[in-house]
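Contents: one structure, followed by commentary.
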Amino acid sequence: MFGGAAVIGIVLGIVTRHWGSSHRRLALVLWAQALGVIAAIVLPGINGLLLAALLIGGGFLCVVQLSLQYSRELAPHHARYLAGLLTTGYAIGQLGGPLLSWISSLLWHRLDPALWVAGGGLLLAGALVMRRSPT
């Protein structure tokens with residue numbers, strides 16, 4: 001489900017590439033992913049998992065594509081440097097996510113607190129990206 005949604009998401013990203021600015025589209029995708037994370041918390045059972053897989057998976061590759069596009073708009077002569085920064089940020093998230101999940105499970109015996117942090121982080125990221133405009 002997640003992989004299929006990722007493929008559909010990237011196709012939608014390509015089709016809508018001329019609609020609005022890249023930073024606004026990136027913010028919308030980040031907010032959609034946040035809704036997916038929150039859906040996994042508030043909707044019980046398979047329905048929450050399916051909605052989460054569609055929203056998170058659908059934006060997975062789009063976030064990468066739009067982040068790289070927006071970074072090229074902000075600093076066209078530093079694309080390699082910014083790609084490295086984006087990769088570093090992704091790696092930090094890949095390392096921090098399981099650590100946060102472990103702490104959440106250790107302290108509260110559930111993943112909900114870690115998911116709320118993840119959803120909040122995505123909402124904040126979308127808000128930060130939305131405030132910026134390409135120079």
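Tabulated data for the structure shown
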quantity	calculated
Residues of region 2-35 satisfying the condition of being of a type outside the set (Val, Ile, Thr), in contact with a Leu (Cβ under 8 Å, 6 or more places away or on another chain), open to solvent by less than 80 Å² (accessible area, probe 1.4 Å) and modelled with pLDDT of 90 or more	Arg25, Leu26, Leu30, Trp31, Ala32, Gln33, Ala34
Residue within region 36-52 that is within 19 Å of Thr87 (Cα to Cα) and open to solvent by less than 30 Å² (accessible area, probe 1.4 Å) present	no
Qualifying residue in region 116-133 (condition: in contact (Cβ under 8 Å) with a residue 60 or more places away in the chain, open to solvent by 60 Å² or more (accessible area, probe 1.4 Å) and polar (S, T, N, Q))	yes
Selection within region 60-76 - among the hydrophobic types (A, V, I, L, M, F, W, C) and in a helix (DSSP H, G or I)	Phe60, Leu61, Cys62, Val63, Val64, Leu66, Leu68, Leu74
Members of region 55-92 that are loosely packed, with under 13 Cβ neighbours inside 10 Å, closer than 26 Å to Ala39 by Cα and among the small types (Gly, Ala, Ser)	Gly89, Ala91
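The values are calculated or read from the model by the stated rules, or taken from the named source; none is laboratory data. Note that the structure is a prediction, hence the values are computed from the model and not measured. Positions of Cβ are backbone-derived with ideal geometry, glycine not excepted, and every protein chain shown enters the neighbour counts. Heads up: the accessible areas ignore ligands, DNA and RNA and are worked out on the full protein's heavy atoms, side chains in. Shrake-Rupley method; radii C 1.70, N 1.55, O 1.52, S 1.80 Å.
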